[in-house]
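K.L.:
Dropping a structure here in structure tokens format, bear with me for questions.
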Amino acid sequence: MNFSMPVIQTKTKLTEELNKLGNDNDLGLVPTMGALHKGHASLIQRAVEENKNVVVSIFVNPTQFNNKEDLDKYPKTLVADIELISAISANIIVFAPDVAEIYPDTVIPKIYDFEGLDKVMEGEFRDDHFNGVGTIVEELLKTVKPTRAYFGEKDFQQLRIIQKLVEIQKIPVEIIGCEIVRENNGLAMSSRNERLSSTIRQNAAFIYETLKTAKHKFGMESVLNVKDWVAKQFKNSSDFKLEYFEITDVETLTPATNKNINIKYRAFIAVYVEGVRLIDNIALN
Ligand code: PAF
């Protein structure tokens, strides 16, 4: 395939290229699974602004998919991805290995102790998902050795787990969380949005609208009332099925039962619509 910029496929070649850059502690990494959209573009843009050199990795990591169909359906749009990256900067190093390069022996994740961060929400509904994320992110961080690595807050639980990963594995890198980028109607940007019909994609504004109202209610009502109210909104909808709505402590991700003024809370939601699973979250206080 011909790309508008060089694409590196092996760790050896990547290390050679990185060695040429010298070691001046100014390297950004943006790990992605491709199918890049404006949300990724904003991470890459920020990495370019804050680092002398930037690596963007594109790898659909099989060990973080608990559902084979979801993995098979994951869009692969390498040519368009490279175009999006090159429009941001021609100097970005793109690393797009294949599965055998990352998993030469067996395609299984390492097992981590994320101190409970992985036991709730996404972890509860997606077996081994975060072990898979930890495995690939650890591999990328140890191969690229970036100064800073960028992750979107749409996957806020993933962001917290990656912060824990670098702490327990003692990986010297600054993990930077970037704000959620939304479509015009408020729907959080996601590669999965492409799989929605245009009507449902418009109507999916309902998810963020619900989160915003939940935030407003959280200022006045109990945790339980807010959760009941959200559940009721979804019972009234024939298209949108609620998988979970949770309010947690931002640090520990422990589900809240009461409000404590010294704790920062966040609300998290996962929804099925047209067979597509969408997630979103919002800071509550
Ligand atoms: O957020 C993602 O796209 C993936 O989980 C990540 C961090 C690139 C690991 O495969």
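K.L.:
So how many residues does region 184-202 have that are modelled with pLDDT under 95 and in a loop (DSSP other than H, G, I, E, B)?
P.N.:
Selection size over region 184-202: 0.
K.L.:
Being out of contact with any helix residue (DSSP H, G or I) (no Cβ under 8 Å at 6 or more places or on another chain) and without any contact (Cβ under 8 Å) to a residue 40 or more places away in the chain is the filter here; which residues of region 92-138 pass it?
P.N.:
Answer for region 92-138, where residues must be out of contact with any helix residue (DSSP H, G or I) (no Cβ under 8 Å at 6 or more places or on another chain) and without any contact (Cβ under 8 Å) to a residue 40 or more places away in the chain: Ala100, Pro104, Asp105, Thr106, Lys119.
K.L.:
Quick check on Glu101: is it surrounded by 14 or more Cβ atoms within 10 Å (Cβ to Cβ) and more than 11 Å from the ligand (Cβ to nearest atom)? Step through it out loud before you land on a result.
P.N.:
Details: surrounded by 14 or more Cβ atoms within 10 Å (Cβ to Cβ): yes; more than 11 Å from the ligand (Cβ to nearest atom): yes.
In short, yes.
K.L.:
Can you find a residue that is β-branched (Val, Ile, Thr) and in a loop (DSSP other than H, G, I, E, B) anywhere in region 203-219?
P.N.:
No, there is no match, as no residue in region 203-219 is β-branched (Val, Ile, Thr) and in a loop (DSSP other than H, G, I, E, B).
K.L.:
Further, regarding this structure: If I filter region 17-24 for residues that are crowded, with 19+ Cβ neighbours inside 10 Å and among the aliphatic types (A, V, I, L, M), do I get at least one hit? Before you say what the answer is, go through the steps one by one.
P.N.:
Within region 17-24, the subset crowded, with 19+ Cβ neighbours inside 10 Å is 18.
Next, only the ones that are among the aliphatic types (A, V, I, L, M) stay: 18.
Within region 17-24, one or more residues are crowded, with 19+ Cβ neighbours inside 10 Å and among the aliphatic types (A, V, I, L, M).
K.L.:
On to the next question. Go through (1) touching a Leu at 6+ places or on another chain (Cβ under 9 Å); (2) aliphatic (A, V, I, L, M); (3) closer than 24 Å to Gly116 by Cβ one by one and return the number of the condition Ala204 breaks.
P.N.:
(3)
K.L.:
Go through Phe3, Phe65 for me and flag whichever is aromatic (Phe, Trp, Tyr) and either within 27 Å of Gly177 (Cβ to Cβ) or crowded, with 21+ Cβ neighbours inside 10 Å (or both). Steps first, please.
P.N.:
Values: Phe3 fails: either within 27 Å of Gly177 (Cβ to Cβ) or crowded, with 21+ Cβ neighbours inside 10 Å (or both).
Criteria check complete, one pass: Phe65.
K.L.:
The conditions are (1) surrounded by 14 or more Cβ atoms within 10 Å (Cβ to Cβ); (2) over 30 Å from Leu140 (Cβ atoms); (3) out of contact with any Phe, Trp or Tyr (no Cβ under 9 Å at 6 or more places or on another chain), and Asp228 fails exactly one of them. Which is it?
P.N.:
Just one mismatch for Asp228, condition (1).
K.L.:
Would you mind finding the one in Leu84, Leu43 that is part of a helix (DSSP H, G or I) and within 14 Å of the ligand (Cβ to nearest atom)?
P.N.:
Leu43
K.L.:
Any idea which residue in region 46-81 is farthest from the ligand (Cβ to nearest atom), counting only those that are in contact with a strand residue (DSSP E or B) (Cβ under 6 Å, 6 or more places away or on another chain) and of a type in the set (A, V, I, L, M, F, W, C)?
P.N.:
In this case the residue turns out to be Val48.
K.L.:
Can you tell me which residue within region 127-152, out of those that are within 11 Å of the ligand (Cβ to nearest atom) and among the charged types (D, E, K, R), is nearest to Leu253 (Cα to Cα)?
P.N.:
First, the residues of region 127-152 that are within 11 Å of the ligand (Cβ to nearest atom): 129-130, 132-141, 149-152.
When the remaining residues are screened for being among the charged types (D, E, K, R), the result is 138-139.
Details: Glu138: 21, Glu139: 25 Å.
Looking at the filtered set, the residue picked out is Glu138.
K.L.:
Which condition from (1) of a type outside the set (Phe, Trp, Tyr); (2) surrounded by 16 or more Cβ atoms within 10 Å (Cβ to Cβ); (3) within 16 Å of Asn193 (Cα to Cα) is the one that Glu274 breaks?
P.N.:
(2)
The values are calculated or read from the model by the stated rules, or taken from the named source; none is laboratory data. Keep in mind that this is a model prediction, so the values were computed, not measured. Don't worry about glycine lacking a Cβ; one is built from the backbone with ideal geometry, like all the others, and counts go over all protein chains shown.
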